[in-house]
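*Asks:* Here it is: the structure, laid out below.
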Amino acid sequence: MTSLPFPLSPEPDEASREAGRLLFAGPCDFVKGVTTMEALPPADRIEVCFAGRSNVGKSSLINALTGRKALARASNTPGRTQEINYFALGPSRYLVDLPGYGYAEAPKPIVERWQRLLKGYLAGRQTLRRAFVLIDTRHGVKSVDEEILTLLDRSAVTFQVVMTKADKVNQAEREAVLDQVRGALKKHPAAYPELVMTSSEKGMGIETLRTIVATLG
């Protein structure tokens, strides 16, 4: 039996799970919102960033990870988050919330400014260990997602796909979308070879994702 490309991440062992729990049970404080490369905080610790198109559930996932209901602001207006938001996750990690992409309502100059900032950050941040790219389990990889995946390839930034809203589809729909996502990721050399299936509402995959963040070296 051949193994699937891009399998789901395995359940963490007890020690790793505890490392994840402890990291996210500790302080997680907003540091600053950044609109220029010059304003980035010192690159003095490991960073992980979260990227996703608007309405993919990024704010809900970050809030579920950190156990804080309003750490990342959810908005009904796509593209409201217009800056790179930095959170200090204890003394050893930065959790970075990137601007949503794929927004249709934002003025073109603002979109272009966000894109420049995003490209500059991804290409130039030496302490960035992994980008988590969020994909809606109801929709799979869209053309707007392909743009950022290609950008991550070009920037040589390892990225891992996190499937969101997994509770919104049935098992058959989930498997069909996973097939589509796996096919799309085969073209991307920077893709980490495991997927994480999550539901912020149900808590699915949250422990696994915490463990991944905590154990990155």
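The values are calculated or read from the model by the stated rules, or taken from the named source; none is laboratory data. Everything quoted here is computed from the prediction, not taken from an experiment. For neighbour counting, all protein chains shown are included, and Cβ atoms are generated from backbone atoms with ideal geometry for every residue, glycine included. Accessible surface areas use protein heavy atoms only, side chains included; no ligands, DNA or RNA. Shrake-Rupley method; radii C 1.70, N 1.55, O 1.52, S 1.80 Å.
*Asks:* To the nearest Å, what is the center-to-center distance of the range 132-189 and the range 2-66, using C-alpha atoms only?
*Replies:* 17
*Asks:* Ignoring solvent entirely, what values of log10 I(q)/I(0) come out of the Debye formula for the chain at 0.07, 0.08, 0.13, 0.16 Å⁻¹ when each Cα is a single scatterer?
*Replies:* -0.19, -0.25, -0.70, -1.12
*Asks:* Out of ALA156, VAL196, LEU185, whose Cα points farthest toward the positive end of the dipole of the range 153-200 (charges: +1 Lys, Arg; -1 Asp, Glu; placed on Cβ)?
*Replies:* ALA156
*Asks:* Taking Cα pairs under 8 Å and at least six residues apart, what relative contact order does the chain come out at, in percent?
*Replies:* 29
*Asks:* Give the accessible surface of the range 133-216 per residue, rounded to a whole number of Å², with probe radius 1.4 Å and ligands, DNA and RNA excluded.
*Replies:* 42
*Asks:* Please report the carbon-and-sulfur percent of the accessible area for the chain; probe 1.4 Å, protein heavy atoms only, DNA, RNA and ligands left out.
*Replies:* 51
*Asks:* Taking the Cα centre of the chain as origin, work out the dipole magnitude from +1 charges on Lys and Arg Cβ and -1 charges on Asp and Glu Cβ, in debye rounded to 20.
*Replies:* That gives the chain a dipole magnitude of about 420 debye.
*Asks:* Rank by packing, highest mean first: peptides 206-214, 13-21, 190-198, with packing defined as the count of other Cβ atoms within 10 Å averaged across residues.
*Replies:* 206-214, 190-198, 13-21
*Asks:* About its Cα centre, how strong a charge dipole does the range 99-141 have in debye, to the nearest 20, once Lys and Arg get +1 and Asp and Glu get -1 at the Cβ?
*Replies:* 240
*Asks:* Can you put GLU11, GLU83, GLU47 in order of accessible area, largest first, using a 1.4 Å probe?
*Replies:* GLU11, GLU83, GLU47
*Asks:* Okay, moving on. Calculate the dipole size of the range 106-189 relative to its Cα centre from +1 charges on Lys and Arg beta carbons and -1 charges on Asp and Glu beta carbons; express the result in debye to the nearest 20.
*Replies:* The calculation lands at about 360 debye.
*Asks:* Between THR36, ILE135, GLY67, whose Cα lies farthest towards the positive end of the dipole of the chain when Lys and Arg beta carbons carry +1 and Asp and Glu beta carbons carry -1, centred on the Cα centre?
*Replies:* THR36
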